[in-house]
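Input: a single structure, listed below in structure tokens.
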Amino acid sequence: MISSAGLLNAEMNPTEDTHQQKQTDEPKYAMPTNNVSSHILDIAAGRPAEGVKCKAYKWKVSEQSSAKTKNVTGDGHGEEGGNWELWGQTETNEQGRIAIVHPGKALSEGIFKLHFRTKEYFEGQKRNTFYPFIEIVFQIDDPSVHYHVPITLSNFGYSTYKGQ
């Protein structure tokens, strides 16, 4: 079992390998400088959340409203001014990480949403959850930098913040 100090150390010092890693095509912790990544720690179990499916979406402003606004309006599901366009699909690895949530797509300015399928993850852990999915909406103003969206997760709560 990984201690919370070990998880915190891995989060704060990403070049230190605090977990055994299987060989994959994904980089260990090296992140390109201009992408969106994520990391989920299951704080109830005290370990990374492996196998959480994630879909990334970009807000596409409709032509009618592009002259009016670049922001999501209404409830953000396309009723006013645009719709969500699928931008990438992936899942967390054994360290709970997603190196790039938008494989094959260049980062650009705009409003984005990450949709995490937490119900399936908790079902696999034989635990109930109050949140069948989590959606995190954020704005990118400078596509030349790296954006990290970490999540601390339990079956009855979660927290997120803009990471480094």
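Counting 0.36 nm for each residue step from PHE133 to ALA106 and taking away their Cα separation leaves a gain of 7.1 nm.
You can think of it this way: the chain between LYS60 and VAL145 has 28.5 nm of extra reach, that is 0.36 nm per residue less the Cα-Cα gap.
No value in this document is a laboratory result; all are computed from the given coordinates. Every value quoted in this text rests on a predicted model; they were computed, and no experiment measured them.
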